[in-house]
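I have placed the structure first, in the form of structure tokens, so that the comments after it can refer back to it.
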Amino acid sequence: MTKAKKNQKLPFVRKLLFGVGDSTNSLFFTVIMLYYLFFLTDVVGLTPVLAGAVIFIGKAWDAITDPAIGYFSDKTKSRWGRRRPYLLFGIVPACLSFILIWQKFPIENQTLLFLTYVGLNLVFWLFFTIVAIPYAALMPELSLDYDDRTSLISARMSFSIVFGLVAAAVPMSIVGAYTNKSAGYAVMATILGLFGIVPILITFFGTRERKEFQEKASLSIVSAFRETMRNKAFMIAMLIFLLSWVCVDIVGAVFIYFITYWICLPDGYMSLFLGVLFVTAVLFLPFWVFVSSKIGKKKTYIIGMSFWAVVMTFSFLLRPGIPITVLVFFSFLAGIGVSTAHLIPWAMIIDCVDLDELKTKARREGMYTGFTLFLQKFASAFAIFITGLFLEFSGYVENMAQNEDALFAIRFVFGSIPALLLILSIIVAAKYPITKEKYEEIRAKLDKRR
């Protein structure tokens with residue numbers, strides 16, 4: 001196979017057929033991030049600490065299974081490839097178990113209630129991982145061109161952000177149509193769960209894997225883990241990804257508390273503010289792709305995250321009674337930074353897969369994807385758990401006006417903590433070593449070897 005054929009750009013339609021699969025992942029992940037803690041505290045009736053613990057345990061389990069599923073998908077050989085069989089056979093149980101975690105059960109005892117939701121979340125996150133990790137691992141091999149990969153990720157993140165918007169706006173519209181909140185959440189979960197089957201099947205039938213990668217030698221799980229840890233560029237890219245997505249998770253989880261209890265607006269305004277944020281993020285993806293093609297991924301990330309850090313710092317200036325237009329403008333500015341967080345860290349990580357192939361002679365997209373999401377989900381789960389502790393020990397009481405300590409905790413977690421994490425991610429990003437020139441050198445060596 002010639003270098004030109006190996007590194008040719010992916011047709012736009014193929015990018016869309018791959019990208020649409022992230023609609024399901026984003027829909028499920030975002031609706032859980034935005035509303036599940038609130039559902040557990042204000043609908044199910046769990047205390048904030050136990051509700052945070054449910055999310056922490058579920059995501060920690062999800063994190064643990066990520067590298068395992070990634071490793072097994074690297075070793076899988078089938079007529080459909082290494083990744084696509086997991087999409088085909090994992091999506092239905094993933095969607096059904098998603099529906100179950102949003103049901104309210106007639107249980108009064110806090111311990112039994114806690115154990116019930118922990119068990120349901122363990123099942124859901126296992127099947128979610130079986131679909132999500134192989135899907136993400138498809139990305140590095142669909143295109144081998146430095147800038148085309150950023151464009152591919154942009155297509156994926158367009159669907160991710162659009163359906164993040166759907167997850168922000170649609171659920172509360174469905175729930176609000178019912179006087180019984182628990183019934184509203186159950187109907188909402190059923191509609192989203194059944195829909196989630198379709199995008200993954202479109203990706204399954206619309207993508208093809210590289211046969212030559214399926215023939216690559218594989219490493220033992222111990223060697224795979226050791227070589228992953230030795231990849232310095234990946235460890236830096238993974239930490240960048242980790243810090244930026246923890247910020248996305250924290251802001252998403254606390255936004256509803258910030259609007260409801262500090263700004264004192266009804267739940268319905270969440271759809272407006274999140275809608276502006278997500279639409280802005282989608283619209284700015286082509287802009288960041290263009291910037292990245294001109295100045296590189298590292299500089300692009302630093303610019304975007306610096307902007308977002310400033311925006312989150314200024315959230316402390318927002319006060320009850322502030323004009324809605326100001327809050328809309330704040331959401332617009334935050335969306336510009338969120339757009340960068342969706343795009344650039346993934347683009348950095350998948351370039352590290354080729355560096356690993358140069359060193360190990362193995363293609364291990366699944367292991368890299370799984371290991372990245374293992375740490376990201378564990379960190380996010382811990383961050384949400386700490387958020388629950390902040391609320392609990394500040395005196396938060398659901399469905400009531402909050403005391404001064406609780407209000408300060410909500411504002412601090414929403415604005416200050418993300419700003420500090422973003423600043424840290426900028427410091428880390430300055431050390432990322434794979435430039436466009438370095439990547440072209442890596443690809444040239446791989447093409448010569450083949």
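FYI, it's all coordinate maths here, none of it is from the lab. Just so it is clear, the model here is predicted, and its values are computed rather than measured. With ideal geometry, Cβ positions are generated from the backbone for all residues, glycine too; neighbour counts draw on all protein chains shown.
Per residue of the chain, the DSSP helices (runs of n ≥ 4 H) give a summed -39500 (n - 2.57) that works out to -26500 deg cm²/dmol at 222 nm.
For the chain, what mean projected area does the convex hull of the alpha carbons give, in nm²?
Values: hull surface 79.2 nm².
It is 19.8 nm².
In terms of surrounding Cβ atoms within a 10 Å radius of their Cβ, 228, 76, 369 rank from fewest to most as 76, 228, 369.
Greater than 25 Å separation of Cα atoms is the criterion. Which listed pairs, 9/59; 377/431; 232/299; 294/359; 297/445, meet it?
Details: 9/59 36 Å; 377/431 23 Å; 232/299 19 Å; 294/359 28 Å; 297/445 22 Å.
Listed pairs above 25 Å: 9/59; 294/359.
Computed from point charges on the beta carbon alone (+1 for Lys and Arg, -1 for Asp and Glu), the dipole magnitude for the stretch 290-406 about its Cα centre is near 640 Debye. Along the axis of the charge dipole computed for the stretch 13-449 (Cβ charges of +1 for Lys and Arg, -1 for Asp and Glu, origin at the Cα centre), the listed residues 16, 182, 386 are led at the positive end by 16. In this simple spin-label model, placing a label point 7 Å from the Cα along the Cα-to-Cβ direction at both residue 319 and residue 201 gives a separation of 5.5 nm. Which residues among the stretch 376-399 fall inside the zone where the amide N is under 14 Å from a point 7 Å beyond the Cα of residue 412, along Cα→Cβ? Answer for the stretch 376-399: 386-396. Among 297, 438, the order by Cβ neighbours within 10 angstrom, fewest to most, reads 438, 297.
Under the convention that each Lys and Arg Cβ holds +1 and each Asp and Glu Cβ holds -1, the size of the dipole of the stretch 13-449 around its Cα centre is about 1560 debye.
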